[in-house]
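> Starting off with a structure, shown below.
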Amino acid sequence: MDSNPYMNLNFVDLLQSQQDTSVGVEFPSIPFLSTQATEGRNFEHKTPSERKERRTWSPTDDVVLISSWLNTSKDPLVGNEQRSVAFWKRVAAYFEASPKVGGCEKRESSHCKQRWQKINDLVSKFAGAYEAATREKRSGQNENDVLKLAHEIFFTNHNKKFTLEHAWKELRNDQKWCALYTAKKCTAAIRVLAYGTAADPVDEYLRLGESTTQ
């Protein structure tokens, strides 16, 4: 009896048999890791809000937000009696109802509040720079010259460019905002006089520059 298992096999069968044996021994199976599978696992851990890139605020969005804030704060039915949470919910609702932003991603009340605080902060600082530029206006200079100097003063004071001129133009002549700005300016000046230190460190809460308090 033949002890060789390959004795009765033809040449082709012998080669096939040896290949099958070698594959099983020398080349263990390796799990296939595709890029799609990896991305899929990472994607499952993200919420829909995390997967959606936050839409940036356009100049039109800023103008609508300013209008929403002004009209909500001036509403005699709610006025200054409304709590902060309720106030910003009304601002967000006013913003969403505007046809100028129709069909865009919904802005939450917290987003509106954060954006308004940034606008109010930077516009207040630029208003101070503009006042300083106005005081330095020389004979023969026009409005564009003053505005250019205001940008230069803002950059010198805060080491960054002012990019919200559209917001400043919306707020600069509004009675409600001007009253608040004047009140902050007076408070900042009083704090500087009381503490005898530079405006910026003292007025961290009001966030006004030195030129604003003069």
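Each value in this text was obtained by applying a stated rule to the coordinates, not by laboratory testing. Quantities reported herein were computed from a predicted structural model and do not represent experimental measurements. Reconstructed Cβ throughout: ideal geometry from the backbone, glycine too, with neighbour counts over all protein chains shown.
> Note down the nm distance, to one decimal, between modelled labels 7 Å out along Cα→Cβ at SER139 and at HIS158.
Between SER139 and HIS158, the simple spin-label model gives 3.4 nm.
> Something else about it: Taking the Cα atoms of region 115-172 alone, what are Rg (to one decimal) and Dmax (as a whole number) in Å?
When restricted to the Cα atoms of region 115-172, Rg and Dmax are 11.2, 38 Å.
> How would you order 121-133, 59-71 from highest to lowest mean count of nearby Cβ atoms within 10 Å?
Going from most to least packed, we get 121-133, 59-71.
> Taking H placed 1.01 Å from N in the peptide plane, check which residues at least 5 places from CYS104 or on another chain put their amide H under 5 Å from its amide H.
Amide H neighbours of CYS104: none.
> Once label points are set 7 Å from the Cα along Cα→Cβ at both SER98 and ALA86, what is their separation, rounded to one decimal in nm?
2.4
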